[in-house]
1. Counting other Cβ atoms within 10 Å, which chymotrypsin sites (Phe, Trp or Tyr not before Pro) in segment 13-122 have at most 13 and lie in a DSSP loop?
2. Rounded to the nearest 20 debye, what is the charge dipole size of the chain about its Cα centre when +1 sits on each Lys and Arg Cβ and -1 on each Asp and Glu Cβ?
3. Find the centroid of the Cα atoms in segment 9-26 and in segment 92-113, then give the distance between the two in whole Å.
4. At a Förster distance of 30 Å, what's the computed FRET efficiency of Leu91 paired with Asp123, Cβ-Cβ distance as r, to 0.05?
5. Subtracting the Cα-Cα distance from 0.36 nm times the residue separation, let me have the gained length for Asp37 to Asp11 in nm, one decimal.
6. Of all the stretches in the chain, which is the longest one without any exposed loop site, taking trypsin sites (Lys or Arg not before Pro) in a DSSP loop (any state but H, G, I, E, B) with at most 10 other Cβ atoms within 10 Å?
7. Using a/c under 1.5 as the rounded threshold, could you call the chain rounded, prolate or oblate? The axes a ≥ b ≥ c are square roots of the C-alpha gyration tensor eigenvalues, and prolate needs a/b larger than b/c, oblate otherwise.
8. Give me the accessible area per residue for the chain, probe 1.4 Å, as a whole number in Å².
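The values are calculated or read from the model by the stated rules, or taken from the named source; none is laboratory data. In this text the structure is predicted, and so the values were computed from the model without any measurement. Cβ placement follows ideal geometry from the backbone for every residue including glycine, while neighbour counts extend to all protein chains displayed. Heavy atoms of the whole protein, side chains included, go into the accessibility calculation; ligands, DNA and RNA do not. Shrake-Rupley method; radii C 1.70, N 1.55, O 1.52, S 1.80 Å.
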Amino acid sequence: MAVCIAVIGKDNSPKYIRCVNETDELKFHYKVHTSIDIIEEKLNVGNKIANDVRELFLGMLYSTEDYKIYGYAANTKIKFVIVLQSSNVTLRDNEVRMIFRKLHAAYSNAVCNPFYIPGDQIDSKSFDSSVMSIMGIV
């Protein structure tokens with residue numbers, strides 16, 4: 001399903017990036033970093049009354065010939081980015097929302113670990129296995 005999943009911290013530094021194909025990892029790093037600007041633009045909309053402030057799903061950020069990039073921002077300013085292949089036309093927005101909810105729940109479980117230091121890279125095996133199941137690797 002997903003070819004790349006990333007978790008971006010409050011300070012826009014990557015906390016976790018996992019790609020299906022590790023040879024294309026640099027390309028996906030670039031796509032994730034370019035999506036941060038679009039996420040920041042969507043989050044800093046001046047008219048917050050028109051938008052529901054509880055809505056965490058940002059929708060499709062942008063698409064290329066090969067990929068569609070979706071965004072999600074938690075209330076704690078942690079950002080999630082999922083890169084999907086454009087050939088996957090069967091995936092609707094509600095299904096992408098559910099993927100982000102699963103990812104957010106796995107992230108919450110990973111950072112609630114008493115041994116996790118806030119702001120560090122995420123090195124949780126359970127989070128990694130959750131991400132790999134979302135990506136369809138496992």
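1. Phe115
2. For the chain, the charge dipole is close to 400 debye.
3. One Cα centre to the other: 16 Å.
4. Here the calculated transfer efficiency is 0.55.
5. Separation in residues times 0.36 nm, less the Cα-Cα distance, equals 8.1 nm.
6. 1-47
7. rounded
8. Numbers: 8150 Å² over 138 residues.
Accessible area per residue: 59 Å².
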